[in-house]
Amino acid sequence: MKQTKIKLRWQIFAFVLIFAGMVIFIFCFFQIFMLDYFYRQNKINSAGDVVDEAISILKEDANYSVKLNELARNTDCSIYIINTDKTKQQYNQVYSGPTDYYNLICNNIDTINTNTTKDKFYITFRYPIQSQLYQGPLMDKKNIKLSDDADIICCRFITTSNTSDKFLLVVDSYLTPLEPVVETMEEQLLVISLIVLVLSILVALIISEIISKPIKIMTNDANELAKGRRDIVFNGSGYSEIYELNSALNYAVNELNKTDTLQKELLANISHDLKTPLTLISGYAEMMKDIKDEITPENLSVIVDEANRLNVLVNDLLNLSRLQSKTATFNMTNFDLNNLIKSIVDREQAFHQKDGVSINFLCNNELNIYADEHKMEQVIYNFITNAINYSKEDKRIVIEEENIDNFIRVKIIDHGIGIKEEDLNVVWNRYYRVDKTHQRSTKGTGLGLAIVKEILEYHGFKYGVESIYEKGSTFYFDIPIVNNESVNK
Ligand code: ADP
């Protein structure tokens, strides 16, 4: 995969710059292109408010002229009241604003339709100058049209408090030309853009420094670790993610150190276990080569035994490595586990009878399971041989099956040396021996329970051990009852 090798600093700079560009663009768009629109909307709303206020003054106050003038002054509008009686054709009572403008409106009104049965009132103007003045419903605040670029004019028909005559209320709100404002803003925005650019560079530099500094330190530490320094402690600082990374990496270093130790121990154990039989084999062979009388069946059997032992050890190692690397093949079939246990018990019983070992299997039922028969044989064989190997005077071994909830627990019980509580969980580790001096065990290879663990885990069978030190141990595994197969019939 192709990696992007752009430095963090430049990536942050690019993001900050894009962000600043977007902000400036939005700002420019609203300030330059939308300013006119927002300004007009604002004026239209306020012209509508002035109309509402003017109407309430006209309705409540008989002497409304003073108040209307004051309202016009305060809101920077011109307010006109025009008599709409077409027969009189009188336009009077101007309250505010230039007279010529008032005249302009009055003289240009062409028709005034006062048909109140409809809720819409129309006025039209004679000349195009005011043709936009009003064309549409007059009853609410929204009924406002722009006369031309200069003004916003809002009209509404009203009746005043002291007469039932209809009047036309005209509110003319002046628009300030925006071109000079926009020009000033354009110049300002240019300067602002330059400032933002410089600030973006500064912010990018600061952020990248804050983010990348601890990463740089930790990368150096990681390189040292890769070179083999195992005493590295990651202690980058700055922000919470770095502290989390610190603890994750320190945990990894710890685990790496543990694995290193285990690997060394494993190598030492394997070498030890391989070396001892090899030394014996070569020693006895040399002796028999030099002294012909020493070629005795006993000496030869030492060589054969040790060669067998080597064979078992190498086989166990191969087995375990296949199981752990998940390359072992499992041949799953349905078979009767109790039948299998019986055959192993018979075999082992016959073999160890002379040593006073008694193995009792108390179950006569069928227990059909779906598993790899050969591998399950290895499991049971391992449990039984361990039970025999770690027995003292009392060599009674019992195999029991217990029905617990939804599984059947197969238990291999001995009355041997037992296991201390602190060792109960670790006996399943490869090469773990309760005897820490790694004395040469005459029987086991130290890999048996590690192989058992892998096999049972593959099948999904839970397993465990209960033990009382110096009294005996019970190793067990559970066969789940998922269908009629795994039921004690
Ligand atoms: P080994 O070849 O040493 O027996 P295992 O993996 O089979 O290797 O067992 C690991 C260790 O667990 C043994 O060395 C022994 O200390 C302990 N152990 C296993 N089975 C028993 C048992 N039935 N009673 C007491 N200790 C046991």
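The values are calculated or read from the model by the stated rules, or taken from the named source; none is laboratory data. Fair warning: this is a prediction, and the values are worked out from it, not measured in the lab. Because the Cβ atoms are built from the backbone with ideal geometry, glycine has one as well, and the counts that use them run over all protein chains shown. The protein model used for the area step is the full one, side chains on, heavy atoms only, and it has no ligands, DNA or RNA in it. Shrake-Rupley method; radii C 1.70, N 1.55, O 1.52, S 1.80 Å.
Only one of (1) surrounded by 17 or more Cβ atoms within 10 Å (Cβ to Cβ); (2) modelled with pLDDT under 80 is not met by LYS5, so which one is it? Here LYS5 meets the rest and fails (1).
Comparison of LEU317, LEU310, LEU323 shows that the only residue that is over 22 Å from ASN403 (Cα atoms), in a helix (DSSP H, G or I), without any contact (Cβ under 8 Å) to a residue 40 or more places away in the chain and of a type outside the set (Asp, Glu) is LEU310. Reported count of residues in the range 36-69, each being surrounded by 15 or more Cβ atoms within 10 Å (Cβ to Cβ) and more than 26 Å from ILE81 (Cα to Cα), is 1.
Yes/no matrix, rows are residues, columns are (1) in contact with a helix residue (DSSP H, G or I) (Cβ under 8 Å, 6 or more places away or on another chain); (2) under 29 Å from GLY416 (Cβ atoms); (3) open to solvent by 40 Å² or more (accessible area, probe 1.4 Å):
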residue: THR296; (1), (2), (3): no, no, no
residue: SER325; (1), (2), (3): no, no, yes
residue: ASN339; (1), (2), (3): no, yes, yes
residue: SER343; (1), (2), (3): no, yes, yes
residue: LYS354; (1), (2), (3): no, yes, yes
residue: ASN365; (1), (2), (3): yes, yes, yes
residue: ILE369; (1), (2), (3): yes, yes, no
residue: HIS374; (1), (2), (3): no, yes, yes
residue: ILE388; (1), (2), (3): yes, yes, no
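Apart from one condition, TYR381 fits all of (1) within 19 Å of VAL465 (Cβ to Cβ); (2) within 15 Å of the ligand (Cβ to nearest atom); (3) buried (at least 18 other Cβ atoms within 10 Å of the Cβ); the exception is (3).
Looking at ILE242, is it of a type outside the set (Ser, Thr, Tyr), open to solvent by 70 Å² or more (accessible area, probe 1.4 Å) and touching a residue at least 24 places away in the same chain (Cβ under 8 Å)? Show your work before the answer.
Values: of a type outside the set (Ser, Thr, Tyr): yes; open to solvent by 70 Å² or more (accessible area, probe 1.4 Å): no; touching a residue at least 24 places away in the same chain (Cβ under 8 Å): yes.
For ILE242, the condition - of a type outside the set (Ser, Thr, Tyr), open to solvent by 70 Å² or more (accessible area, probe 1.4 Å) and touching a residue at least 24 places away in the same chain (Cβ under 8 Å) - is not met.
Within the range 414-428, being charged (D, E, K, R), touching a residue at least 24 places away in the same chain (Cβ under 8 Å) and near the ligand (Cβ under 8 Å from one of its atoms) holds for one residue alone: ASP414. Here the condition is being under 30 Å from MET287 (Cα atoms), in contact with a helix residue (DSSP H, G or I) (Cβ under 9 Å, 6 or more places away or on another chain) and open to solvent by less than 60 Å² (accessible area, probe 1.4 Å); of GLU306, GLU401, GLU348, it holds for GLU306 alone. Pairing residues of the range 23-49 that are within 13 Å of LEU189 (Cα to Cα) and modelled with pLDDT of 80 or more with residues that are among the hydroxyl-bearing types (Ser, Thr, Tyr) and part of a helix (DSSP H, G or I), at Cβ distances under 8 Å and at least 6 apart in sequence or on separate chains, gives ILE24/SER193. Identify the residue in the range 459-481 that is among the charged types (D, E, K, R) and within 16 Å of the ligand (Cβ to nearest atom) and, among all such residues, is farthest from PHE407 (Cα to Cα). Only one residue tops the list, namely GLU470.
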